[in-house]
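Working notes for the structure below.
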Amino acid sequence: MPDIQPFEEQSAEHLRLVIETGHVGIWELDLQSGRAIRNRAHDLIFGYSEPLPEWTYDGFLDHVVDDDRSRVDKLQKAAIAGRQEWNFECQIETATGQRRWISGAGRPLVDAKGAITKLIGQVIDITDTKENEARLQLITNELNHRVRNMLAMIKAMISLSAPRTKSVEAFARSLEGRVGALARSHQLLATGDFAEMSASSIFRTELAAFTGLENRIDIWLTDDPVLKNAVGQGLSLIFHELLTNAMKYGALSNETGAVKVQIAAVPDGTEITWTERAGPPVARQNETGFGSTLINQAMASYGTVSMDYASNGIECRIFIERSGQLCPTD
């Protein structure tokens, strides 16, 4: 008859499995010395590939970003004073210089005399969850933004198409194509189905919603990465804003302007450069407006976006880290 582990031993194995597969950092803090013991996953969360010889509460607070440090410390002191659980979410800066989100919880332990001597608890990395929440809100705002503008855009399409067509049938075909392209672009964003899409494919999908601009936009490729879904969504939003703004105010708002889009490999990732020339004189735009906020936030932690409002034409540089690209093994 096979040996059967006692239930207590099985439970311990289950707990160990949950902690290891869930990348849960566990810790025990001695309140008198301020020193803590913890598992390997704990130090990995804070950016240390090898466990530190010593970990202290002050060392933990040093990792918490300035805006969150006082709040987290006050919550800990209140938990000890009230003999209650310590729960918090905050941003940290890891040993490698990354900004990450963590969720932590602790519970006071008392000695035989009823005095609180220790806190025990756990910490997990919730960066992906926080970024997904922010991205969802960004996409929701963008969808609302598009819905408000859609009727105006369709009206503009009608106004542009009508004088250039010689029959009702030709006008209907032209309008149907343009509205269809706009709908496809909108649906692409709504479903988030960017799997196996390259940077140039995402741009061409957005460009298709603006029929008639193909001859005024040059695309130069020396790299064309396939992007993760979240990065593709962000890039689509950026391209849409750049195209819309260029048509309203920039190089595509007159008859002579042009845009050059370069997608090139750079160290640690890919850089996409949007350059406008021969358009109207450029005035610096409101960086607190929705369009500017969208462009600045769309890459989340996968890259950066910079805008240069040069007098001879806007230039936008989009850097996408390799972590935002699909590898052959993905």
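Taking helices (runs of 4 or more DSSP H) that do not extend beyond segment 1-99, which have at least 1 residues that are at pLDDT 90 or above?
Per the criteria, 40-45, 57-63, 66-82.
Step by step: first the residues of segment 43-59, then only those that are among the hydrophobic types (A, V, I, L, M, F, W, C) and in contact (Cβ under 8 Å) with a residue 24 or more places away in the chain, then the one that is surrounded by the fewest Cβ atoms within 10 Å (Cβ to Cβ). Which residue is that?
In this case the residue turns out to be TRP55.
Please go through segment 64-78 and give me each residue that is within 19 Å of ASP30 (Cα to Cα) and either surrounded by 17 or more Cβ atoms within 10 Å (Cβ to Cβ) or not acidic (Asp, Glu) (or both), ordered by number.
The answer is VAL72, LYS74, LEU75, GLN76, LYS77, ALA78.
If you check THR256 against the conditions, is it in a loop (DSSP other than H, G, I, E, B), of a type in the set (Val, Ile, Thr) and either at pLDDT 85 or above or under 25 Å from the mean Cα position of the chain (by Cα) (or both)?
Yes.
Please name all residue pairs, on different chains or six or more residues apart, with Cβ atoms under 8 Å, provided the first residue is in segment 82-105 and is touching a residue at least 60 places away in the same chain (Cβ under 8 Å) and over 11 Å from GLY121 (Cβ atoms) and the second residue is of a type outside the set (Gly, Ala, Ser) and part of a strand (DSSP E or B).
Going by the 8 Å Cβ cut-off, the qualifying pairs are ARG99/GLN91; ARG99/ILE92; ARG99/GLU93.
I'd like to know if segment 185-205 contains one or more residues that are at pLDDT below 75, of a type in the set (A, V, I, L, M, F, W, C) and surrounded by fewer than 16 Cβ atoms within 10 Å (Cβ to Cβ).
yes
Being crowded, with 18+ Cβ neighbours inside 10 Å, among the charged types (D, E, K, R) and without any contact (Cβ under 8 Å) to a residue 60 or more places away in the chain is the filter here, so list the residues in segment 106-130 that pass it.
Matches in segment 106-130: LYS130 only.
Would you tally the residues in segment 291-330 being at pLDDT 80 or above, aliphatic (A, V, I, L, M) and in contact with a strand residue (DSSP E or B) (Cβ under 7 Å, 6 or more places away or on another chain)?
Total satisfying the criteria: 5.
The values are calculated or read from the model by the stated rules, or taken from the named source; none is laboratory data. Just so it is clear, the model here is predicted, and its values are computed rather than measured. A quick note on method: Cβ atoms are made from the backbone with ideal geometry, for glycine too, and the neighbour counts reach across all protein chains shown.
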